[in-house]
Amino acid sequence: MHKFANPAKFNRLADIILPWIIGLTVLAFASGLYYALWDSPADYQQGESVRMMYVHVPAAWSSMFIYLFIAVASFVALIWRHPLALLAGKAAAPIGATFTALALITGSLWGKPMWGTYWQWDGRMTSVLVMFFLYLGYIALWEAMEDDEKAGRAASILALVGVVNLPIIKFSVEWWNTLHQSASVMRMDGPAMPTEMLKPLLILGIAYQLYFAVVVLWRMKLEINQRKIDVMRRIAMSDEG
Amino acid sequence: MTKPLSTAAIFKGVVARDIRLAWSQGGTGTMALSFFLIAVTLFPFGVGPETEILARIAAGVIWVVALLACLLSLDRLFQADYEDGSLDDLALSPLGLVGIAFAKITAHWCATILPLIVVAPLLALLLNLPSGAYQFLVLSLLIGSPALSLLGAIGAALTVSVRRGGVLMSLLVLPLYIPTLIFGVGAVDAASMMGNPLPHLALLGAVSLLSLLIAPFAAAGALRLALE
Amino acid sequence: MVFEGLHFAVGPGDYLHLKGKNGSGKSTLLRLVAGLLPAYSGTLTWGDSDIAGAAAARSEDMIYSGHQHGLKPVLTLRENMKSLYQLMTGLHLDDETLEVSAEGFGLLRLVDQPLKYFSSGQTHRAALLRFLLLDRPIWLMDEPTVGLDSENRARLEAFMQAHLDGGGMIIAASHDPIGLLGRSLDLDGFKASKVHLEQWL
């Protein structure tokens, strides 16, 4: 039925690719962390706490990237009924939710020395929080239904509705903030960043995405194997009569 | 079967049936309205009776509670029909499932949300809303609340086959409600602080229109899934 | 569910009886024909046109009644039937047609009672009323005889026979045979299994 979606073929392909990406991931993390922790300057205002950025910003990037990944997977799953695309979305969601949580937690830990408070109802923070809720909804919908195929397609509809809404939510939340609060917001896009800081940031950004690729492949293999077991059980049961 | 088919008549029939059901025994109309009244009156107990504080939060309280009342009633929007089998009949109607979803959303708004809007000024009075803001409270609810029914219907359709899906539905729908809430309250706040509420109302209308474009299709897709 | 190599055709005046054990897929097949389920592969044709996946195009030729009756307990039988009729045709159901049909199943006295007061047998008969009210060639009936006493069973069989005599078609899924001439299809012979299992191995 789905010639291009052969799970066994996918498993074999994943096994070939995985060692290479794992190697690249280790390399990227090692060099990125070296630059981030030792070979980059402390900020003249923020001091050493600026190094929080190297954990925080790539996590925030990943949270958005993975949401987009899920949306594309959902689209493919709904239009072409591609079973592996459903699994890709399912496998990616907890990783995305974790990165979003990481971005929120590191952000608030960074915020304490910076602004003197753990949480601000700032537009950017609030919209990331909302994205975290969308991730939770997607995961919960997968969990709520017994039939995986149905659960996956329902969750895919939600993911697509969410992707339409996400820019609106982000836009409205940022607008709301400027209306209600004085802008006490640190902005990344203000002064250009020195290259010694930009280099580790970008390397770690890539490292995070590579890490995502590794884990999502692992999780997809896991899902495929679970289905294999499930199918074997069913066949064994029907042979029993 | 050469008779021309009146889809408008089917649409009207579904709307009338659902409004009727919402206000008969076991319907959600009275429930949502009572919830709205009681929940709003809880706030003075929670934050104290100082009129300035109440006046400041009045718009937000009314909008948030209206949103929650809507959410409570959406739980049964498709589930009742799913459980008794009439969703099969609705799906087989010549109107098509998208039209049916839209008819049911329309009925939900008329039967459940409109009464809330009617009593909202009364509750605003209890919360001491500044006098210039009343018409904008009603206007913002009229323009924005269709988005609540529309977006909520997506959540209701997605969770229709889930037992006790109400909690799950809140998790899915509440994040989507945020823009409506922000612009709705923004319009009333602007009016009560001598600002210009029109940009907020325009954005609120845009959110409702966009929801109108998405929701009937997404809800119909989710319902079709539930019927399989 | 998968029905491998399943093939059947129903023409004017034909009665097809679907039989099989619980879980053999009788209801699934009926829902598939009704257009409530998508067919993953295979064809479903009505006349010359392929109708798989185009429910609205053929729903005007069919009446389907499933396990659940689809009636609202708070509404009276009259209100239930009027809203169903309007839903399916967009037209107003006149009282006389309704009363004549209700009489046919011995429900005339109950026409203005809310469904919540109906016994399960009465509710089931109320659900069968749709076949008399809507004038459509194809009847899809899931367990039409369940809960009927012998008198009402005879009535139902008479209505079904009249429908066939008038050139109608009936596909009925039922445990016990219905006293009509026609073919029967035993679904136990087809291995019904969940779709796309093998691909995971």
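Structure above, values below:
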| read-out | value |
| --- | --- |
| Unmet requirement for A:Met114, which otherwise passes all of (1) under 17 Å from the mean Cα position of the chain (by Cα); (2) of a type outside the set (Lys, Arg); (3) open to solvent by 50 Å² or more (accessible area, probe 1.4 Å) | (1) |
| Among residues of the range A:85-133, those that are at negative phi, in a loop (DSSP other than H, G, I, E, B) and not β-branched (Val, Ile, Thr), counted | 5 |
| Of the criteria (1) within 14 Å of chain B (Cβ to nearest Cβ); (2) out of contact with any Leu (no Cβ under 7 Å at 6 or more places or on another chain); (3) surrounded by fewer than 20 Cβ atoms within 10 Å (Cβ to Cβ); (4) not in a loop (DSSP other than H, G, I, E, B), which one C:His67 fails | (4) |
| Matching entry among A:Met220, A:Met197 (being more than 14 Å from chain B (Cβ to nearest Cβ) and modelled with pLDDT under 85) | A:Met197 |
| Selection count, the range C:75-96, where residues are surrounded by fewer than 16 Cβ atoms within 10 Å (Cβ to Cβ) and among the hydrophobic types (A, V, I, L, M, F, W, C) | 1 |
| Residue within the range B:33-46 that is within 13 Å of chain C (Cβ to nearest Cβ) and either touching a strand residue (DSSP E or B) at 6+ places or on another chain (Cβ under 8 Å) or on the phi < 0 side of the Ramachandran plot (or both) present | no |
| Among (1) more than 9 Å from chain A (Cβ to nearest Cβ); (2) touching a helix residue (DSSP H, G or I) at 6+ places or on another chain (Cβ under 6 Å) - the single one B:Gly155 does not satisfy | (1) |
| Condition broken by B:Ala39, with the remaining ones in (1) hydrophobic (A, V, I, L, M, F, W, C); (2) crowded, with 21+ Cβ neighbours inside 10 Å; (3) more than 30 Å from C:Leu140 (Cβ to Cβ) satisfied | (2) |
| Qualifying residue in the range B:88-101 (condition: within 16 Å of B:Arg17 (Cβ to Cβ), in contact (Cβ under 8 Å) with a residue 40 or more places away in the chain and away from chain C (no Cβ under 13 Å)) | yes |
| Residue within the range B:43-50 that is of a type in the set (A, V, I, L, M, F, W, C) and open to solvent by less than 20 Å² (accessible area, probe 1.4 Å) present | no |
| So C:Ala154, is it over 21 Å from C:Thr97 (Cβ atoms) and either of a type in the set (Ser, Thr, Tyr) or not in a strand (DSSP E or B) (or both) | yes |
| Among (1) free of Cβ contacts under 8 Å to residues at least 12 places away in the same chain; (2) in a helix (DSSP H, G or I) - the single one A:Gly32 does not satisfy | (1) |
| From the options A:Ala30, A:Ala101, A:Ala36, residue that is surrounded by 15 or more Cβ atoms within 10 Å (Cβ to Cβ), at pLDDT 90 or above and not basic (Lys, Arg) | A:Ala101 |
| Any chance C:Glu99 is within 14 Å of chain B (Cβ to nearest Cβ), closer than 29 Å to B:Gln25 by Cβ, surrounded by fewer than 21 Cβ atoms within 10 Å (Cβ to Cβ) and at pLDDT 90 or above | no |
| Matching option when the condition is farther than 19 Å from B:Thr28 by Cα, buried (at least 21 other Cβ atoms within 10 Å of the Cβ) and in contact with a strand residue (DSSP E or B) (Cβ under 8 Å, 6 or more places away or on another chain), among B:Leu92, B:Leu129, B:Leu97, B:Leu123 | B:Leu92 |
| Residue satisfying all of: in the range C:108-149; part of a strand (DSSP E or B) and within 11 Å of another protein chain (Cβ to nearest Cβ); surrounded by the most Cβ atoms within 10 Å (Cβ to Cβ) among these | C:Leu140 |
| Conditions (1) under 21 Å from B:Ser192 (Cβ atoms); (2) at pLDDT 95 or above; number of the one not met by B:Pro49 | (2) |
| Filter result (in a helix (DSSP H, G or I), of a type in the set (Gly, Ala, Ser), within 24 Å of B:Ala103 (Cα to Cα) and open to solvent by 10 Å² or more (accessible area, probe 1.4 Å)) within the range B:143-191 | B:Gly166, B:Ser170 |
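Residues are listed down the side, and each one gets a yes or a no for (1) out of contact with any strand residue (DSSP E or B) (no Cβ under 6 Å at 6 or more places or on another chain); (2) at the interface with chain B (Cβ under 8 Å from one of its Cβ atoms); (3) not aromatic (Phe, Trp, Tyr):
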{"site": "A:Leu129", "(1), (2), (3)": "yes, no, yes"}
{"site": "A:Trp142", "(1), (2), (3)": "yes, no, no"}
{"site": "A:Met145", "(1), (2), (3)": "yes, yes, yes"}
{"site": "A:Ala154", "(1), (2), (3)": "yes, yes, yes"}
{"site": "A:Val163", "(1), (2), (3)": "yes, no, yes"}
{"site": "A:Ile169", "(1), (2), (3)": "yes, yes, yes"}
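The values are calculated or read from the model by the stated rules, or taken from the named source; none is laboratory data. From a predicted model like this one, the values you see are computed outputs, not experimental measurements. When we count neighbours, we look across all protein chains shown, and the Cβ atoms used for this are built from the backbone with ideal geometry, even at glycine. All accessible areas refer to the heavy atoms of the entire protein, side chains included, with ligands and DNA or RNA removed. Shrake-Rupley method; radii C 1.70, N 1.55, O 1.52, S 1.80 Å.
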